[in-house]
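All of the numbers you see were taken from the coordinates with simple rules; none came from a lab. A quick note: this is a predicted structure, and the numbers were derived from the prediction, not measured. Every residue, glycine as well, gets a Cβ built from its backbone with ideal geometry; the counts of neighbours run over all protein chains shown.
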Amino acid sequence: MHTPIQNYIPQAAWAQLQQLLAHDNLVVKIKNERKTRHGDYRSLPNGKHQITVNANLNSYRFLITLVHEIAHFEAYKTYGTHIKPHGKEWKYTFQRLMLPFLNPQVFPHNLLPLLANHFKNPKASSDTDTQLALALKQFNAPNNKVYVFQLPLNSIFKLYNGKIFKKGKKRTKRFECVEIKTGKLYLFNPNAEVELIQNNHE
């Protein structure tokens, strides 16, 4: 028996969300955690459209992710498949679909100003909005993870795949981090969730 979608979202959002999901050819699947994404949208060969969302998201992030993916479906339906995945058509659609949810019945008061600011120009991932990501994280189940931007310079940290890195300086938007084993340089999103191993202040 699948857990119904309404169990994953704020209760006050369900009536509005049902209207967005009322398409015969739209299927929503709830998946186990995927480390690289919160959700995705795909047009299937049989003419159906499939949205997947990670089951481990807190209810506010789940709702934002689900509406993000519905916006892909709506944007392609309205503007055709030639548009950019996160271009102006998608942004406009995401803003329009999300607006009815941006109220204190659905979201806590402290999130609303951050959401209002984010939806002036929504990004491909809410994770790139540092303030919003940090505010949403407080509603997660407790874990031992921290964001890369929170770590002091030269800290040693571990990724979900077991690889170990040392945090370096920030470029324009991302942090240079060196993989300890190979010496290779990687660029990390400030909001990548990692496990701190050694806190080196230098």
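Tabulated data
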quantity: Phi to ³J(HN,Hα) by Karplus 6.51 cos²θ - 1.76 cosθ + 1.60 over segment 37-52, Hz, x for Gly, Pro; calculated: 7, 8, x, 7, 10, 9, 8, 8, x, 7, x, 7, 10, 10, 10, 10
quantity: Reachable lysines, given that their alpha-carbon falls under 29 Å from the alpha-carbon of residue 163 and they are not under 8 places away in the same chain; calculated: 31, 35, 123, 137, 145, 173, 181, 184
quantity: Extension gain, residue 158 back to residue 138 (0.36 nm per residue minus Cα-Cα distance, nm); calculated: 5.1 nm
quantity: For segment 22-36, 3J(HN,Hα) per residue [Karplus equation, 6.51 cos²θ - 1.76 cosθ + 1.60, θ = phi - 60°, Hz, x = Gly/Pro]; calculated: 7, 10, 4, 9, 10, 10, 10, 10, 9, 10, 5, 4, 10, 6, 8
quantity: Farthest toward positive dipole pole in the chain [+1 Lys/Arg, -1 Asp/Glu at C-beta], among 113, 102, 10; calculated: 113
quantity: Pair residue 36, residue 79: separation of 7 Å Cα→Cβ label points (nm); calculated: 2.5
quantity: Cα centroid separation, segment 110-162 to segment 1-75 (Å); calculated: 21
quantity: For the chain: rounded, prolate or oblate by the Cα gyration tensor [a/c cutoff 1.5]; calculated: prolate
quantity: Helix-only [θ]222 nm of the chain, DSSP H runs n ≥ 4, -39500 (n - 2.57) each, per residue, nearest 500; calculated: -8000 deg cm²/dmol
quantity: Residues 174, 34 arranged by fewest to most Cβ contacts within 10 Å; calculated: 34, 174
quantity: Which of 125, 155 has the fewest Cβ neighbours within 10 Å, and the rest in rising order; calculated: 125, 155
